[in-house]
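Just so you know, all these numbers are worked out from the coordinates, no wet-lab data involved. Because the structure is predicted, anything quoted here is derived from the model rather than measured. FYI the Cβ positions are ideal-geometry reconstructions off the backbone, even for glycines, and counts take in every protein chain you see.
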Amino acid sequence: MKKPRIKISHEVPLAVLPVSKTFNDYDYCLPHLLDKEYDYFAYFEEAKKEGRYIIMDNSLHELGHAYETERLLHWVNYFKPNEFIVPDVWQDMQGSIDNAAEWAHIELPEETLKVAVVQATCIEDAAECYLKYKALGYKKIAFSYGAGYYKEHFNHINPAISTAMGRVNVIGTLHAAEVIDDSDRVHLLGCAVPQEFIFYKDMKFIETIDTSNPIMAALEGKLYTNQGLDEKPILKIDHAMNMPVEMIDWVKMHVNVNKFREINQLDIKLK
């Protein structure tokens with residue numbers, strides 16, 4: 001049986017949101033922006049009406065902490081996303097497990113799947129965290145991109161390469177140890193370098209990824225090579241959200257989005 005293609009979404013500035021439907025398999029929603037940007041809210045209103053698949057984050061990466069529980073619950077109940085990433089605590093296994101245990105008992109819309117994020121400072125804790133999420137009943141689990149312990153699993157002079165390949169090796173090791181089963185469902189949050197994802201193409205359990213990497217690189221004036229990049233863009237989506245349309249290099253964005261798919265052997269391209 002052929003493995004379904006991994007679905008991907010790239011976070012983009014407001015000016016690019018309408019175009020993003022031509023290359024994103026689903027829409028990735030950052031809830032704190034729903035409160036800050038009316039046009040962002042309006043986009044997701046329309047996306048919901050169109051029946052687009054929506055994964056809602058908890059905005060940890062952007063804020064440094066998960067968004068306020070009251071607002072998260074408001075937006076989850078308002079939009080009824082297909083998936084919601086419950087609040088986690090950066091590199092804090094027990095804090096994240098405690099949050100996941102609490103959210104396991106919080107009633108959400110029936111159509112919304114709860115997703116928990118593995119947080120750890122070593123691979124042993126990552127395995128424990130993953131297994132505890134499964135015991136709590138989570139049917140889909142995510143791995144963040146920048147955990148410090150990833151570097152322990154791939155020694156390279158370039159920290160971005162070390163981080164990216166370290167995550168590959170951690171996930172591969174957990175699968176080989178039968179912590180991760182072929183029938184599991186896994187989401188990958190972000191990336192250090194875009195070429196990382198080619199190494200997941202034969203992993204049946206990788207279902208979705210989100211990364212703004214090709215967009216942020218383009219906004220910084222960087223073009224992907226045939227091998228990808230050797231460093232992570234510095235620009236974050238929050239700082240680029242209101243970038244004027246005339247400042248966006250649409251050619252570089254087009255090239256990077258297509259190169260991302262070519263490098264990682266994904267079969268959808270920007271038209």
Contact order normalised by length for segment 190-271, with contacts defined as Cα pairs under 8 Å and 6 or more residues apart; what percent is it?
38
With +1 assigned to the C-beta of every Lys and Arg and -1 to the C-beta of every Asp and Glu, and no other charges, what is the dipole magnitude of segment 174-238 about the Cα centre in debye, to the nearest 20?
260
Helix-derived [θ] at 222 nm for the chain: sum -39500 (n - 2.57) over DSSP H runs of at least 4, divide by residue count, nearest 500?
-11000 deg cm²/dmol
GNM, the chain, Cα, under 10 Å: largest mean-square fluctuation among Gln227, Gln119, Gln195?
Gln227
Where Rh is the Kirkwood radius over the Cα pairs of segment 27-151, the temperature 25 °C and the viscosity 0.890 mPa s, what D in µm²/s does Stokes-Einstein return?
165
In debye, nearest 20, what is the charge dipole magnitude of segment 35-107 about its Cα centre with +1 on Lys and Arg Cβ and -1 on Asp and Glu Cβ, if you could check?
260
Before anything else, pin down the relative contact order of the chain: Cα pairs under 8 Å, at least 6 apart, normalised by residue count, whole percent.
18
Which of Asn24, Asn258, Asn242 moves most in a GNM of the chain, Cα contacts under 10 Å?
Asn242
So what's the gap between the Cα centers of segment 1-53 and segment 70-99, to the nearest angstrom?
18
How high is the relative contact order of segment 1-67, in percent, counting Cα pairs under 8 Å that sit 6 or more residues apart?
30
What is the extension gain from Asn242 to Glu178, computed as 0.36 nm multiplied by their sequence separation minus the C-alpha to C-alpha distance, in nm to one decimal?
18.6 nm
May I ask for the Kirkwood hydrodynamic radius of segment 116-271, worked out over all distinct Cα pairs and given in angstroms to one decimal?
16.4
Scoring only Lys, Arg, Asp and Glu (+1, +1, -1, -1) among other residues with Cβ under 9 Å from the Cβ of Tyr145 yields +1
DSSP beta bridges in the chain [antiparallel fraction, %, rounded to 5]
5
Build a GNM of the chain with springs between Cα atoms under 10 Å: which of Lys49, Lys222, Lys114 gets the top mean-square fluctuation?
Lys49
Starting from the Kirkwood radius over alpha-carbon pairs of segment 134-178, derive D by Stokes-Einstein at 20 °C in a medium of 1.002 mPa s and give it in µm² s⁻¹.
189
Taking every DSSP bridge whose two residues both lie in segment 84-234, the antiparallel percent to the nearest 5 is 5
Please list the radius of gyration and Dmax for the chain, considering alpha-carbon atoms only, with Å as the unit.
17.6, 50
